[in-house]
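Down below is the structure, laid out as structure tokens.
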Amino acid sequence: MKSLGFMLSVVLISLSIMAFAQSDAQKSFDKIKTLAGSWEGHVTTVPPKADIEGKPAQVSLRVTSMGNALMHEATGAGRPDDPITMLYLDGDRLLLTHYCDAGNRPRMTGKMSPDGKTVEFDFLDVAGSTQYGHMHHAVFTAIDANHHTEDWTYMEPGDKPVHAHFDLQRTK
């Protein structure tokens, strides 16, 4: 009887610990959800791309689907595109699906840096044609509650990378 009571105590303690422990993916997702809001700033590119270099950009991040997804929408001055990116948990992975103006949907997996300020997404796969290129990498860095940066890498045809750096301030 004593061993049954001991086993029951061990099981209850283990379940309590598991309930409080969050996966790395959940921690990363919770961190990135703190960026929900409206943002604006400027974009710099390497190599320079005249159609977006130095121009203003607006970014909206909205928690949706009962907290199960974060929708990222970006617009830029003078550009007709309006790419949507969805961030969500899939089991023990944080995934990003980018609905690109190039007509494809790359997916990336995210991980938070040890300091807890950056969530970096690495290419997983892409659906649709890559004839015009595809988004390949993304990094979100929280500077403080009202300032964050986003770094996006787009692979042009022939695997030529274009890096875009967004320096964003919260507007609401």
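Values as computed for the structure displayed
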| quantity | calculated |
| --- | --- |
| Flag for Ser129 being open to solvent by less than 70 Å² (accessible area, probe 1.4 Å) and out of contact with any strand residue (DSSP E or B) (no Cβ under 9 Å at 6 or more places or on another chain) | yes |
| Total residues in segment 79-110, condition among the polar types (S, T, N, Q), part of a loop (DSSP other than H, G, I, E, B) and within 14 Å of the chain's Cα centre (by Cα) | 0 |
| Meets criteria (open to solvent by 20 Å² or more (accessible area, probe 1.4 Å), touching a Leu at 6+ places or on another chain (Cβ under 9 Å), hydroxyl-bearing (Ser, Thr, Tyr) and part of a strand (DSSP E or B)) for Ser38 | yes |
| Test result for Ile32, part of a helix (DSSP H, G or I) and either exposed (fewer than 11 other Cβ atoms within 10 Å of the Cβ) or at pLDDT below 60 (or both) | no |
| Residues located in segment 121-151, provided they are over 17 Å from Pro83 (Cα atoms) and either touching a helix residue (DSSP H, G or I) at 6+ places or on another chain (Cβ under 9 Å) or assigned to a loop (DSSP other than H, G, I, E, B) (or both) | Gln131, Ala142, Ala145, Asn146 |
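The values are calculated or read from the model by the stated rules, or taken from the named source; none is laboratory data. Note that the structure is a prediction, hence the values are computed from the model and not measured. Here Cβ is always computed from backbone atoms with ideal geometry, including for glycine, and neighbour counts include all displayed protein chains. Just the protein is used for accessible areas: all its heavy atoms, side chains included, with ligands, DNA and RNA removed. Shrake-Rupley method; radii C 1.70, N 1.55, O 1.52, S 1.80 Å.
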